[in-house]
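The block underneath contains the structure these notes are about, expressed in structure tokens.
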Amino acid sequence: MDGTSSTFMEGPAMASPERRRIAAQIAAHTSWARTPDRRERTQPATKASPVSLDYWEARLREEGLVREEDIPKAAVNARAAEMRRRALKSAESRRRNKAKKQEYFQNLRESLDRGPGSGR
């Protein structure tokens, strides 16, 4: 088999979500295997990402508040501010999850200390 054709995706059984998922994975792996320049393929998405300075420069130009010669420096600051916002949000989420986990285990310990048949 040369890998270009398969009966895997044919027939009524293909309606199964699991089979569609597997077929999509096969297609994605095949596509990436045949991509000669990965960097070139992902470059448009990378430039459109908030991690990229190009993204922040474009946003600042759209807003029109910053002079053109100041945009590169402002983009660095805008990206840094966004990354700090994300870090803060992530830390708060971890803190909340830790508190929920501690509360759960505290309730579990109390429940076990009461013993079986003691009710809730």
Q. Going through the stretch 50-63 one residue at a time, which ones are open to solvent by less than 60 Å² (accessible area, probe 1.4 Å) and of a type in the set (D, E, K, R)?
A. GLU57
Q) Within the stretch 64-82, how many residues turn out to be loosely packed, with under 15 Cβ neighbours inside 10 Å and farther than 18 Å from LYS47 by Cβ? A) 10
Q. Any residue at all in the stretch 27-48 that is loosely packed, with under 11 Cβ neighbours inside 10 Å, modelled with pLDDT under 95 and not basic (Lys, Arg)?
A. yes
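The values are calculated or read from the model by the stated rules, or taken from the named source; none is laboratory data. Given the structure is predicted, the values throughout are model-derived calculations rather than measurements. Neighbour counts are summed over all protein chains in view; Cβ atoms, including those assigned to glycine, are modelled from backbone coordinates with ideal geometry. All accessible areas refer to the heavy atoms of the entire protein, side chains included, with ligands and DNA or RNA removed. Shrake-Rupley method; radii C 1.70, N 1.55, O 1.52, S 1.80 Å.
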